[in-house]
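> I have a structure here, written as structure tokens, and I will follow up with some questions on it.
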Amino acid sequence: MEYFASITSSLASLGRSVIEPVQQMGKIAIFFFRAFIHIFSFPQQLSKIIEHVYFIGAKSVFVVCLTGAFTGMVLGLQGYYNLSKFGSEGALGAVVALTLIREMGPVMSAIMIISRAGSAMSAEIGIMRISEQIDALFTMDINPVRFLVTPRLIAALISFPILTALFDVIGIFGGYLTGSLMLGINSAIYYSRVNSSVLMEDVSGGFIKSIFFALFVITICCFQGYYTHTRKDGFGAKGVGLATTSAVVTSCVMVLIVDYVLTSFLL
């Protein structure tokens, strides 16, 4: 009997380990659709949207520009020494531009936004949950998802593509600083290769990725904060801290997974 009991217990724990992540994904999907559907309901909270565009977008400009500049400089340095082995230094502009526009720009800008804004959103909503402010919204007959999440979702859909474009431009200029000013590649050749190699499909693909990243990042970060009170591993301030950590880690992992999936379709 003990043998069968241990087998049953093992199967039960295996079942829980499979069912719980599926339930979690279902809850996140429902949470997203609840927030997304209110994008098309009026009147919109214009002041809230502008506030979140400023927080997510404008206040992330510096870190995105700084990261973009050094990413472009590193790509220029690495690309030059690799291309020089084949006598193809003139193609550096194409390599830097395509790498940034197709992959590094959307991914790195999303990760920077997660680090700066996503963690703050999760913590803010988590504190609102444990201090019963979200319950107060219910009491006043205000939809908390529409009030808290939808404006952030709209703001992210505006901010992510703009920050991605900014990252790309600054990164290409960073590659120019390394390739042309430091390593001696002709600047006209560098920019002519950029111009000739980048197609509209590359640019639109990067923007498509940034839009998907915005949807996933905001949904995950807000979800973790919104359901802080249901966590089994911590309550109160500890729960908010764990929710914030989980939001950042999960969002970064999902950005990489979604990037792979989208790349497989866009190539």
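All of the numbers you see were taken from the coordinates with simple rules; none came from a lab. Values in this document were obtained by computation on a predicted structure and should not be read as measured data. Methodologically, a virtual Cβ is constructed for each residue, glycine included, from the backbone with ideal geometry; neighbour enumeration extends over all protein chains shown.
> So what are the ³J(HN,Hα) numbers for the stretch 229-235, from phi and the Karplus equation (6.51, -1.76, 1.60; θ = phi - 60°), rounded to whole Hz, Gly and Pro as x?
Per-residue couplings from phi come out as 5, 9, 5, 8, 9, x, 10 Hz.
> Of VAL145, PRO21, PHE160, which is farthest along the charge dipole of the chain in the positive direction, counting Lys and Arg as +1 and Asp and Glu as -1 at C-beta?
So the residue we want is VAL145.
> Now for a different question. Sorting TYR227, TYR81 on the 10 Å Cβ count, fewest up front, what's the list?
Final ranking by Cβ density, sparse to dense: TYR81, TYR227.
> Just the ratio, please: alpha-carbon radius of gyration of the stretch 185-251 over 2.2 N^0.38 Å, N its number of residues.
Expressed relative to 2.2 N^0.38 Å, the Cα Rg reads 1.89.
> I'd like the Karplus ³J(HN,Hα) series for the stretch 119-134: coefficients 6.51, -1.76, 1.60, θ = phi - 60°, whole numbers in Hz, and an x wherever there's a Gly or Pro.
Ordered by residue, 3J(HN,Hα) equals 5, 5, 4, 4, 5, 5, 5, x, 5, 4, 5, 6, 8, 6, 5, 5 Hz.
> Whole-Hz Karplus ³J(HN,Hα) for the stretch 182-197, in order, using 6.51 cos²θ - 1.76 cosθ + 1.60 and θ = phi - 60°, x for Gly and Pro?
9, 9, x, 6, 4, 5, 5, 5, 4, 6, 5, 5, 4, 5, 7, 8
> Just want the ordering: SER187, SER264, SER122, SER197, from fewest to most Cβ atoms lying within 10 Å of their own Cβ. Write out the running numbers ahead of the final one.
Details: SER187 12, SER264 8, SER122 29, SER197 16.
Ordered by Cβ neighbours within 10 Å, fewest first: SER264, SER187, SER197, SER122.
> Cut-off is 10 Å between beta-carbons; in what order do MET121, MET73 appear when sorted fewest neighbours first?
Neighbour counts put them in this order, fewest first: MET73, MET121.
> Right, something else. Loop only per DSSP, at most 10 neighbouring Cβ atoms within 10 Å: give me the chymotrypsin sites (Phe, Trp or Tyr not before Pro) in the stretch 158-189, ordered by residue number.
Taking the stretch 158-189 and a limit of 10 other Cβ atoms within 10 Å, no loop chymotrypsin sites (Phe, Trp or Tyr not before Pro) are found.
> Pairs LYS59/LYS232; LYS27/LYS48; LYS59/LYS85; LYS209/LYS232; LYS27/LYS209: which exceed 31 Å Cα-Cα?
Values: LYS59/LYS232 34 Å; LYS27/LYS48 25 Å; LYS59/LYS85 41 Å; LYS209/LYS232 33 Å; LYS27/LYS209 23 Å.
Those over the limit are LYS59/LYS232; LYS59/LYS85; LYS209/LYS232.
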